[in-house]
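Colleague: Sharing a structure below in structure tokens format, with a few things to ask.
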Amino acid sequence: QVQLQESGPGLVKPSQTLSLTCTVSGGSITTNYYYWNWIRQPPGKGLEWIGYISYSGSTFYNPSLKSRTSISSDTSENQFTLQLSSVTPEDTAVYYCALGSGAPLHLTYWGKGTLVTVSS
């Protein structure tokens, strides 16, 4: 059973960079055809896909966020990270990491989510 755990600061100031880490257990992030996603949900709104890093290290981002988004991985620690730059209060959301298996957006395992508030 794959388990994912988000971690990082719960409060970020406007204009700064939001940085979160997802630690994976029960499976390797280099397993073929695994895709490691970030998704967020602003308060009172629906889910928004941010992007993913694949088992081979390829990255793909939501076009609306691409210019501000960087997803990377550390295979030795079996974890991947999200960096979202130039944040505003509209970036306040619960942030989830999730595994896509077989197909990138076939999300089979999710972390519990972590609330990140952007505020001065």
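Colleague: Could you tell me what percent of the DSSP beta bridges with both partners in the chain are antiparallel, to the nearest 5?
Modeller: Details: 40 of 42 bridges.
Looking only at bridges with both residues in the chain, the antiparallel portion is about 95 percent.
Colleague: For 112, 66, write out the residues from largest to smallest accessible area, computed with a 1.4 angstrom probe and no ligands counted.
Modeller: Values: 112 175, 66 115 Å².
Largest to smallest exposure gives the sequence 112, 66.
Colleague: Now a separate question. May I ask you to compute the full-extension gain from residue 55 to residue 112, defined as 0.36 nm times their residue separation minus their alpha-carbon distance, rounded to one decimal in nm?
Modeller: Values: separation 57, 0.36 × 57 = 20.52 nm, distance 2.18 nm.
Contour length minus the Cα-Cα distance gives 18.3 nm.
Colleague: Which Cα, out of 78, 33, 88, lies furthest along the positive dipole direction of the stretch 12-120 (beta carbon charges, K/R +1, D/E -1)?
Modeller: Of the candidates, 88 comes out farthest on the positive side.
Colleague: I would also like to ask the following. What list of ³J(HN,Hα) couplings, whole Hz, do you get for the stretch 38-48 from phi and the Karplus terms 6.51, -1.76, 1.60, once you set θ to phi - 60° and write x for glycine and proline?
Modeller: 10, 9, 9, 9, x, x, x, 10, x, 6, 10
Colleague: Using only alpha-carbon positions, what ratio does the radius of gyration of the stretch 65-120 give when scaled by 2.2 N^0.38 Å? Mind showing how you got there, number by number?
Modeller: Working: Rg = 13.1 Å, N = 56, 2.2 N^0.38 = 10.2 Å.
Rounded to two decimals, the normalised Rg is 1.29.
Colleague: What relative contact order, as a whole-number percentage, does the stretch 13-119 give when Cα pairs under 8 Å and 6 or more residues apart are counted? Spell out each step's value before the answer.
Modeller: Numbers: 240 pairs, mean separation 36.2, N = 107.
This gives 34 percent for the stretch 13-119.
Colleague: Please report, as a whole percent, how much of the solvent-accessible surface of the chain comes from carbon and sulfur atoms (probe radius 1.4 Å).
Modeller: Numbers: 2970 of 6120 Å².
Of all accessible area on the chain, carbon and sulfur atoms account for 49 percent.
Colleague: Which residues does the label zone of residue 67 cover in the stretch 86-106, counting backbone N under 15 Å from a point 7 Å along Cα→Cβ?
Modeller: Backbone N within reach: 86-88.
Colleague: How much accessible area per residue does the chain have, in Å², with a 1.4 Å probe? Don't jump to the answer; show the numbers that get you there.
Modeller: Details: 6120 Å² over 120 residues.
Accessible surface, normalised per residue, equals 51 Å².
The values are calculated or read from the model by the stated rules, or taken from the named source; none is laboratory data. This one's a predicted model, so the numbers in the text were calculated from it and none came from an experiment. Ideal geometry is used to build each Cβ from the backbone, glycine not excepted, and the neighbour counts take in all protein chains shown. Please note that ligands, DNA and RNA were not included when accessible areas were found on the heavy atoms of the full protein model with its side chains. Shrake-Rupley method; radii C 1.70, N 1.55, O 1.52, S 1.80 Å.
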